[in-house]
Amino acid sequence: MSNPLVGPDTKTRPKTKRPPMHKVILLNDDYTPREFVVVVLRSVFAIGEGKANRIMLTAHERGACVVAVYAKDIAETKATEATEAGRRAGHPLMFTTEPEE
Ligand code: TYC
């Protein structure tokens, strides 16, 4: 039997939205050797050789390629680390980040 003094059950759903994940994007340039790009992808992002080659080639052909998706601070740290690795070796290699969707 329903009690008229009691409203319908409502579930309180927490309003906490997950923060958006961030893409790390590899940008093409005309100077960085392909093999160097693959070495950086493998070491900074723990990507296997085949996949690293495909990501490098996609950036080479299309101008940019998404490398991986992480929480914002991790994406930014890895993009900086990978860009720095290129800079230390005298290459203009660039990684950027952007929020997903
Ligand atoms: N375009 C470079 C070359 O021809 C290779 C390269 C590929 C550089 C991908 C950056 O994100 C890159 N040597």
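The values are calculated or read from the model by the stated rules, or taken from the named source; none is laboratory data. From a predicted model like this one, the values you see are computed outputs, not experimental measurements. Reconstructed Cβ throughout: ideal geometry from the backbone, glycine too, with neighbour counts over all protein chains shown. Ligands, DNA and RNA are excluded from the accessible area calculation, which covers all protein heavy atoms including side chains. Shrake-Rupley method; radii C 1.70, N 1.55, O 1.52, S 1.80 Å.
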Margin query: Can you tell me the orientation of helix 72-88 relative to the chain, as the angle in degrees between its alpha-carbon axis and the longest Cα principal axis, to the nearest 10?
Written below: 0 degrees
Check: Given the rule -39500 (n - 2.57) for each run of at least 4 DSSP H residues, summed and divided by the residues of the chain, what is its mean residue ellipticity at 222 nm, to the nearest 500 deg cm²/dmol?
Finding: -14000 deg cm²/dmol
Check: In degrees between 0 and 90, to the nearest 10, how far off the longest principal axis of the chain does helix 34-45 point, with axes built from Cα atoms?
Finding: 30 degrees
Check: Once fully extended, how much extra length lies between THR80 and LYS15, figured as 0.36 nm per residue of separation less the alpha-carbon to alpha-carbon distance?
Finding: 20.2 nm
Checklist line | Check: segment 9-101 dipole with +1 on Lys, Arg Cβ and -1 on Asp, Glu Cβ, in debye | finding: 440 debye
Next item on the list: Starting from the amide H of ALA71, placed 1.01 Å from N in the peptide plane, find each other amide H under 5 Å away whose residue is 5 or more places distant or on another chain.
Entry: HIS22
Next item on the list: Please name whichever of SER43, THR77, ILE25 sits farthest to the positive end of the charge dipole of segment 21-99, dipole taken about the Cα centre and charges placed at Cβ: Lys and Arg +1, Asp and Glu -1.
Entry: SER43
Item checked: Gain on full stretching of the segment that runs from VAL39 to THR96 - 0.36 nm per residue minus C-alpha separation -> 18.8 nm
Check: Considering only protein heavy atoms and a 1.4 Å probe, what is the carbon-and-sulfur percentage of the accessible area of segment 21-99?
Finding: 53 percent
Checklist line | Under 29 Å between alpha carbons - lysine pairs in the chain that sit 8 or more apart or on different chains | finding: 9
Check: What whole-number value in Å² describes the accessible area per residue of segment 21-99 for a 1.4 Å probe?
Finding: 57 Å²
Item checked: Directionally averaged shadow of segment 21-99, computed from the convex hull of its alpha-carbon atoms, nm² -> 4.4 nm²
